Amino acid sequence: MDCLEVEKEALLKFKQGLTDPSGRLSSWVGEDCCKWRGVSCYNRTGRVIKLKLGNPFPNSLEGDGTASELGGEISPSLLNLKYLNYLDLSMNNFEGMEIPKFIGSLGKLRYLNLSGASFDGIIPPNIANLSNLRYLHLNTYSIEPNKNVLEWLSGLSSLKYLNLGGIDLSKAAAYWLQTVNTLPSLLELHMPNCQLSNLHLSLPFLNFTSLSVLDLSNNGFDSTIPHWLFNLSSLVYLDLNSNNLQGGLPDAFQNFTSLQLLDLSKNSNIEGELPRTLGNLCYLRTLILSVNKLSGEITEFLDGLSACSYSTLENLVLGFNKLTGNLPESLGHLKNLRYLQLRSNSFQGSIPESIGSLSSLQELYPSQNQMGGIIPDSLGQLSSLVVLELNENSWEGVITEAHFANLSSLKQLSITKSSPNVSLVFNISSDWAPPFKLTYINLRSCQLGPKFPTWLRTQNELTTVVLNNAGISGTIPDRLWKLDLQLSELDIAYNQLSGRVPNSLVFSYLANVDLSSNLFDGPLPLWSSNVSTLYLRDNLFSGSIPQNIGEAMPILTDLDISWNSLNGSIPLSMGNLQALSGEIPQFWNKMPSLYIVDMPNNSLSGTIPRSLGSLTTLRFLVLSNNNLSGELPSHLQNCSALESLDLGDNKFSGNIPSWIGESMPFLLILALWSNCFSDNIPSEICALSALHILDLSHNNVSGFIPPCFRNLNGFKSELSDDDIARYEGRLKLVAKGRALEYYHTLYLVNTLDLSYNNLRGEIPIELTSLLKLGTLNLSSNNLGGNYTRKDWKLAVVGDSRRIKKQTFWSNSKEHGFHNLFGSPESGNLALCGFPLTNECHDNNGTIPTGKGEDKDDEDGDDLELPWFLVSMGVGFIIGFWGVCGTLVIKKSWRYAYFRFVDKMKDRLLLAVALNVARLTRKV
């Protein structure tokens, strides 16, 4: 039947409130609304029962995703659709609009999906009225934090699917599990990144025993794996990754006889050996245990996994642990294995010959171990292999055509070594035709030469070419230069390649080019505008720098043309080289697994986009030295995995948000220097117990220094090996007036810089407990206080010596204490005492003598120097004049002394002559 007129009008009114840039609703014309796109009706009555309006291109990065987003207002005319039981508005963009409260009145709804649609505000409590609801998907990163409760959830007794991923439920952390436990029909529970923190270890009664999917990843649970979990015997999917779970893996995992996915990765504190009982999970398809502290020998574990009569395992991820041993031949029994990731362990030996039996294997990563020996040519039988990464091991021997014989699916090949020593040789005939078409090749410190590998002539799909330190000499064949490639990286440095480099190469956006340390000659090449880094040092390039280099390559950020034979002047166009500019686009919610955003030293402007808050896996956000402005968006607090937040040298304003301390527990670096932040330093910053670098200098911050800074335990303890591994990237800091950029040594830096603000009051004596603090800068504030040297004895990093401080006296809070560097140019105008010209006065206006100071001060600054001079004088008198003085005064002693020296000289010469004569006779 045709749709009812009242429902057609309701839909048209609903359409009128929406924005539709791509015309997705252009079919909403004509009399029969049941034929409109996204509308479904019940055949017998013509009633509208379904609105399926989710974005069909949610993951596009090319603009289609944004263009196809619906937006605007959601009209309450939907209430006229009395039989609507399915509503999907997912992955659209409603730009912070609140979830309409009238949705709780759509009583027939059984399916509601508002995920990823940029709703804001709180979840309306009247959703509890939807007693028929079976499927609720609200996964979003824009819902207002710290205000959401879950009382409404207990009213949805028919619920089978629940996804609240990304919603800040910290206010419900104490009772969330009890509320979920009231849903007896629940089959799937997805609550990743909900700031729950509290994982209850026991439940008096387990109600949702039919649960088959449980995702509680990225919540920061700080406990062992709870006991009630092992009573969910129907579990097929269990994801607890990116928490702080501790302890070992109990044997009780064998209760999950139907389990197909187990992900306990990125907990860091799960330790002990791998339990053999995991081998009983014969239906397991995905096992992810990476980024923990698991140890022990790998052989028995893999033997157990391969013991099933029919192994279903497809994905095995054990990387970034402390596992040891050789990979056993039983690995070849995992016939369905598609993805094998073993990075960063301590495996030894070579790859077993049985690897050739894994006919379904698509990706292989045994990189960064202690493996070595000869790579078996059975690898060449893996016809499904797409990615082969064998980096950072000690391979040796010869690679031949047999290693690639049947790799018809191979797209990425990477074999690198950290040392320049070459022990792996490619011996491939010049007429060999590879069975694959690579897009990525990375071969470092492998012998490919002496001639350029001609088998690359067929690789016309390459985007990355790295042949660094490959022992290649001679010229590159012209046909290789002429391949129609769109390269994002070309690195053929540290070879003996010669000839001229053509200008015809084409590069994709932000391409990196490194031709260093070769024998290329002729003029400097000049390529397209897409090159961002260009290293041509240590070659034979000659002539002048092209006059239009600035116009030809306007986004160039790194240019090294040293150690060549260039002449002439530096062209003025180099002054036109500019960095990235404009606003940061809104596409980050399309890349949920991104963990590094590094865009410093550019000309970016505008505000930080809200969609950056969707990156729950983000660990490094570096946007320093740009022109960004506005307040820090609250959605950034969803980036709870952040370890480095560097927003220095921008124009950000407003308060320093308190949620930084509440939502980012893993933060190691917080750099907000040179902005326009104001108001007080929030005490919540003190919760950042891992912090090693805090730089709030050059802002308008006021108020007092929080005494709770004593809780910054990162400034009290040595970094663990795991912490050191978490330091990545570069950071610019200003110390003692010098701007320093740290890279490899960044993990050694411990600094607290609050200089050039409007701070007032006393310097908290609690700062003296930060024993590993290397740099403390409080200059150019209005700080004061009455302190002695003994108050300010901070330990020097790696040294038992004490920093000696000048004592400053002040009897009022207006008088400032000098910064701990001791320079008189600190800018604290009320400071007094030597070396400043400002004398300090007590309450009576007299200059204090300092007699009240502790005489047992272990530095003893006032007494050490006089006593040292006295002892040095006494030693000089006794040592010099006690010996030499007597020789000058008494003539007979002087003669006796020189006669003694002459006799000893004669005896020495005689002994040498006798020994020489005796040796001559023997010869």
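The values are calculated or read from the model by the stated rules, or taken from the named source; none is laboratory data. Just so it is clear, the model here is predicted, and its values are computed rather than measured. Virtual Cβ from ideal backbone geometry, glycine too; neighbours counted across all protein chains shown.
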Taking the stretch 261-278 and keeping only residues that are of a type outside the set (Lys, Arg), within 24 Å of the chain's Cα centre (by Cα) and at positive phi, one is left with 268
Does the stretch 214-221 contain any residue that is on the phi > 0 side of the Ramachandran plot and either under 30 Å from the mean Cα position of the chain (by Cα) or not charged (D, E, K, R) (or both)? yes
Considering only the stretch 12-24, state which residues are surrounded by 17 or more Cβ atoms within 10 Å (Cβ to Cβ) and in contact (Cβ under 8 Å) with a residue 60 or more places away in the chain. 14
Take the residues of the stretch 28-50 that are basic (Lys, Arg) and either assigned to a loop (DSSP other than H, G, I, E, B) or under 45 Å from the mean Cα position of the chain (by Cα) (or both): which is surrounded by the fewest Cβ atoms within 10 Å (Cβ to Cβ)? 44
Output yes when any residue across the stretch 481-500 is in a helix (DSSP H, G or I) and modelled with pLDDT under 95, and no when none is. yes
Of the numbered conditions (1) over 30 Å from the mean Cα position of the chain (by Cα); (2) of a type in the set (A, V, I, L, M, F, W, C); (3) modelled with pLDDT under 95, residue 89 fails exactly one; give the number of that condition. (3)
Search result, residues across the stretch 268-296 that are in a strand (DSSP E or B) and more than 18 Å from residue 251 (Cβ to Cβ): 269, 286, 288, 293
Taking only pairs six or more apart or across chains, which ones have beta-carbon atoms under 6 Å, a first residue in the stretch 510-522 that is without any contact (Cβ under 8 Å) to a residue 40 or more places away in the chain and under 17 Å from residue 473 (Cα atoms), and a second residue that is surrounded by 20 or more Cβ atoms within 10 Å (Cβ to Cβ) and of a type in the set (Gly, Ala, Ser)? 517/493
Is one or more of the residues making up the stretch 347-361 in contact with an Asp or Glu (Cβ under 9 Å, 6 or more places away or on another chain), surrounded by fewer than 20 Cβ atoms within 10 Å (Cβ to Cβ), touching a residue at least 40 places away in the same chain (Cβ under 8 Å) and in a loop (DSSP other than H, G, I, E, B)? yes
Going through the stretch 529-542 in order, the residues found to be farther than 30 Å from residue 611 by Cβ, surrounded by 14 or more Cβ atoms within 10 Å (Cβ to Cβ) and either at pLDDT below 85 or in contact with a strand residue (DSSP E or B) (Cβ under 8 Å, 6 or more places away or on another chain) (or both) are 534, 535, 536, 537, 539, 541
Modelled with pLDDT of 90 or more, at positive phi and aromatic (Phe, Trp, Tyr) - does that describe any residue in the stretch 544-563? yes
Is one or more of the residues making up the stretch 677-685 at pLDDT 90 or above and either within 14 Å of residue 776 (Cα to Cα) or among the aliphatic types (A, V, I, L, M) (or both)? yes
What number of residues in the stretch 195-218 are under 22 Å from residue 636 (Cβ atoms) and either of a type in the set (Gly, Ala, Ser) or at pLDDT 90 or above (or both)? 2
Determine if the stretch 365-374 includes at least one residue that is aliphatic (A, V, I, L, M) and in contact with a helix residue (DSSP H, G or I) (Cβ under 8 Å, 6 or more places away or on another chain). no
Residue in the stretch 648-676 that is modelled with the lowest pLDDT, counting only those that are of a type in the set (Ser, Thr, Tyr) and within 20 Å of residue 607 (Cα to Cα): 658
Name the residue that is farthest from the chain's Cα centre (by Cα), counting only residues in the stretch 313-346 that are of a type in the set (Lys, Arg) and more than 14 Å from residue 366 (Cβ to Cβ). 335
Just wondering, is there one or more residues in the stretch 156-176 that are in contact with a Phe, Trp or Tyr (Cβ under 6 Å, 6 or more places away or on another chain), touching a residue at least 40 places away in the same chain (Cβ under 8 Å) and crowded, with 18+ Cβ neighbours inside 10 Å? yes
Candidates 25, 78 - the one that is assigned to a loop (DSSP other than H, G, I, E, B) and closer than 24 Å to residue 111 by Cα: 25
Restrict the check to the stretch 131-146 and report whether at least one residue is among the β-branched types (Val, Ile, Thr), touching a Ser or Thr at 6+ places or on another chain (Cβ under 8 Å) and touching a residue at least 24 places away in the same chain (Cβ under 8 Å). yes
Output the residues belonging to the stretch 485-505 that are touching a residue at least 24 places away in the same chain (Cβ under 8 Å) and either more than 37 Å from the chain's Cα centre (by Cα) or under 25 Å from residue 551 (Cβ atoms) (or both). 485, 487, 488, 489, 490, 498, 499, 501, 503, 505
Kindly indicate which of 612, 642, 632, 618 is within 30 Å of residue 243 (Cβ to Cβ), within 22 Å of the chain's Cα centre (by Cα) and part of a helix (DSSP H, G or I). 612
Being touching a helix residue (DSSP H, G or I) at 6+ places or on another chain (Cβ under 8 Å) and closer than 22 Å to residue 625 by Cβ is the filter here, so list the residues in the stretch 670-692 that pass it. 670, 691, 692
Counting only residues that are part of a helix (DSSP H, G or I) and among the β-branched types (Val, Ile, Thr), the stretch 226-240 contains a total of 0
List pairs: first in the stretch 66-82 and within 16 Å of residue 38 (Cβ to Cβ) and touching a residue at least 60 places away in the same chain (Cβ under 8 Å), second of a type in the set (Val, Ile, Thr) and surrounded by 19 or more Cβ atoms within 10 Å (Cβ to Cβ), Cβ under 6 Å, 6+ apart or cross-chain? 81/48
Return the residues of the stretch 224-235 that are farther than 27 Å from residue 595 by Cα and either of a type in the set (Phe, Trp, Tyr) or surrounded by fewer than 18 Cβ atoms within 10 Å (Cβ to Cβ) (or both); say none if nothing qualifies. 226, 227, 228, 230, 231, 233, 234
Looking at 458, 439, 475, can you tell me which residue is touching an Asp or Glu at 6+ places or on another chain (Cβ under 8 Å) and at negative phi? 439
Checking the structure you have, find out if any residue of the stretch 523-531 is touching a Phe, Trp or Tyr at 6+ places or on another chain (Cβ under 8 Å), part of a loop (DSSP other than H, G, I, E, B) and of a type in the set (A, V, I, L, M). yes
